[in-house]
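**Student:** So that we are looking at the same thing, I have put the structure below in structure tokens.
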Amino acid sequence: ETGVTQTPRHLVMGMTNKKSLKCEQHLGHNAMYWYKQSAKKPLELMFVYNFKEQTENNSVPSRFSPECPNSSHLFLHLHTLQPEDSALYLCASSRSGTSYEQYFGPGTRLTVT
Amino acid sequence: AQTVTQSQPEMSVQEAETVTLSCTYDTSENNYYLFWYKQPPSRQMILVIRQEAYKQQNATENRFSVNFQKAAKSFSLKISDSQLGDTAMYFCAFMKRGGGGADGLTFGKGTHLIIQP
């Protein structure tokens, strides 16, 4: 059983829609991450949050807007996406400062039409 | 910036055989971690094994072991007595050891491993 959950598991949206992906971790971790997994490219780090503060933005377009209200929840707000944004979006968490293992959620399969 | 290269897009072996997956990386960092993650058809990423760069001893987890060659920047995964459940995508990943402890992973493109019955 994974300690990191993601909702929804599947999402289809039009280019003019606004939607949000949600990630929740039940592991008591302090750091959370968003990754993008496309068919033709390696997994790409998008954002890193440590103790609710964003510590890394990997040159992600502004149509992706992350939010981390507390150490257990992470959101990815989506607006005016492009078809090439269709991918599997993976959330992960880890304990910062003492550990380095990242635990992944099952992902959200996003299709932009 | 770091790069991770997995040169074997796909491998296929018979059940119970031993298989080795290759990974090379490039970095100017001296302190870092290396990982192998497994992603079965369910898409759930599962940590298989990790290696701290400062440790010379190769990591081992049951049937999984690594051959870590720091000077050559090579980090291969050996799976012994392979099982049908080992069928999955395997990703090699790099993480620099930062002070705050919250650093992202840099992944290779993956190797699709198929275990044949």
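Please treat every number below as a calculation from the coordinates, not as lab data. As the structure is a prediction and not an experimental result, all values here were calculated from the model. Note that each Cβ is placed from the backbone with ideal geometry, even for glycine, and that neighbours are counted across all protein chains shown.
**Student:** Applying the selection to the stretch B:14-38, what residues are of a type outside the set (D, E, K, R) and more than 13 Å from chain A (Cβ to nearest Cβ)?
**Tutor:** Step one: of the stretch B:14-38, the residues of a type outside the set (D, E, K, R) are B:14, B:16, B:18-25, B:27-28, B:30-37.
Within the stretch B:14-38, B:GLN14, B:ALA16, B:THR18, B:VAL19, B:THR20, B:LEU21, B:SER22, B:THR24, B:THR27, B:SER28, B:ASN30 meet the criteria.
**Student:** Is there a residue in the stretch A:73-93 that is in a strand (DSSP E or B), β-branched (Val, Ile, Thr) and surrounded by fewer than 15 Cβ atoms within 10 Å (Cβ to Cβ)?
**Tutor:** no
**Student:** Please specify each residue of the stretch B:18-40 satisfying the condition of being farther than 12 Å from B:LYS96 by Cβ, out of contact with any Asp or Glu (no Cβ under 8 Å at 6 or more places or on another chain) and outside any strand (DSSP E or B).
**Tutor:** Scanning the stretch B:18-40 gives B:SER22, B:CYS23, B:PRO40.
**Student:** Sticking with this one: Looking at the stretch B:39-53, is at least one residue buried (at least 20 other Cβ atoms within 10 Å of the Cβ), among the hydroxyl-bearing types (Ser, Thr, Tyr) and within 14 Å of chain A (Cβ to nearest Cβ)?
**Tutor:** No; the residues of the stretch B:39-53 include none that is buried (at least 20 other Cβ atoms within 10 Å of the Cβ), among the hydroxyl-bearing types (Ser, Thr, Tyr) and within 14 Å of chain A (Cβ to nearest Cβ).
**Student:** Take the stretch B:54-66 and flag every residue that is buried (at least 16 other Cβ atoms within 10 Å of the Cβ) and polar (S, T, N, Q).
**Tutor:** If we filter the stretch B:54-66 for residues that are buried (at least 16 other Cβ atoms within 10 Å of the Cβ), which is where we start, we get B:59, B:64-66.
Residue satisfying the conditions is B:SER65 alone.
**Student:** For the stretch A:25-79, how many residues meet the condition of being within 11 Å of another protein chain (Cβ to nearest Cβ) and among the β-branched types (Val, Ile, Thr)?
**Tutor:** Total meeting the criteria: 2.
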